[in-house]
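The values are calculated or read from the model by the stated rules, or taken from the named source; none is laboratory data. From a predicted model like this one, the values you see are computed outputs, not experimental measurements. Every residue, glycine among them, receives a Cβ derived from its backbone with ideal geometry; neighbour counts consider all protein chains shown. Just so you know, the surface numbers come from the protein's heavy atoms only, side chains and all, with ligands and any DNA or RNA stripped out. Shrake-Rupley method; radii C 1.70, N 1.55, O 1.52, S 1.80 Å.
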Amino acid sequence: MDCPECGAATVSFAVPSDLREYLPAAAPGAALCTRCLALRPVEDPPAGPESDFERVGETFPSNPEAAVPMALLVGLLSSLATNRAEISALLERVERAGTDPLLALDRLAADPDVDAAVDLRTRRRQLEQLL
């Protein structure tokens, strides 16, 4: 499945029921674009908990316990003001899974294959101020 925003490949994944509240629509899964990092709900995610998050980049968490909330977090970065509580909860979830989410954002921002729709460097600085 290709990204409707930029045409790049996407990574589809199942979203655990306790994280579905962070999706913009009630869906069992989501797809993250490997280039622009756009996130959209999907009705037919892969059945298993494993997804190929390495396709997003070497710097993206590969452990599903960190990767899924990180993908949802990236999807909410377009509006820090509206999504502040959700972003904070997802940051904590990524950290509990053993990944530094701010470092992951730094690495995504530096990845030459990623052309995020949101300025990741600016958002990272803003997240640091919010926390």
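How about region 23-67: which GluC sites (Glu not before Pro) there are in a DSSP loop, with at most 14 other Cβ atoms within 10 Å of their Cβ? Answer by residue number: GLU43, GLU50, GLU58.
With helices as the sole contributors, the chain gives -12500 deg cm²/dmol at 222 nm; each DSSP H run of n ≥ 4 counts as -39500 (n - 2.57), and the sum is divided by every residue. Backbone phi angles across region 86-96, fed through the Karplus curve with coefficients 6.51, -1.76 and 1.60 (θ = phi - 60°), yield HN-Hα couplings of 5, 4, 4, 5, 6, 4, 4, 5, 5, 4, 4 Hz in residue order; Gly and Pro are listed as x.
Between THR122 and ASP100, the C-beta separation translates, for a Förster distance of 25 Å, into a calculated FRET efficiency of about 0.85.
Phi angles across region 116-131 convert, under the Karplus curve 6.51 cos²θ - 1.76 cosθ + 1.60 with θ = phi - 60°, into 3J(HN,Hα) values of 4, 5, 10, 6, 5, 5, 5, 4, 4, 4, 5, 4, 4, 6, 6, 7 Hz, Gly and Pro given as x. Packing around the peptides 106-116, 70-80, 86-96, taken as the average count of other Cβ atoms within 10 Å per residue, puts them in this order, highest first: 70-80, 86-96, 106-116. Rolling a 1.4 Å probe across the protein heavy atoms gives the chain an accessible surface of 51 Å² per residue. Only alpha carbons enter this Debye calculation for region 1-49, each as an equal point scatterer, and the log10 of I(q)/I(0) it gives at q = 0.16 Å⁻¹ is -0.39. The separation of region 72-131 from region 12-68, counted between C-alpha centres, amounts to 15 Å. A simple charge model with +1 on the Cβ of Lys and Arg, -1 on the Cβ of Asp and Glu and nothing else charged puts the dipole of the chain at about 400 debye relative to its Cα centre.
The computed Cα Rg over 2.2 N^0.38 Å for the structure shown corresponds, within (1) 1.00; (2) 0.94; (3) 1.06, to (2). Estimated at 0.36 nm per residue, the fully extended path between GLU54 and GLU86 surpasses their Cα-Cα distance by 9.1 nm. Between the amide H of GLY29 and those of VAL15, VAL42, distances stay under 5 Å, these residues lying 5 or more places away or on another chain, with hydrogens modeled in the peptide plane.
I'd like the FRET efficiency for MET1 and ASP113, computed as 1/(1 + (r/R0)^6) with the beta carbon distance as r and R0 of 22 Å, rounded to 0.05. Efficiency, from the Cβ-Cβ distance: 0.75. Surface composition of region 1-130: carbon and sulfur atoms hold 45% of the protein heavy-atom accessible area at a 1.4 Å probe.
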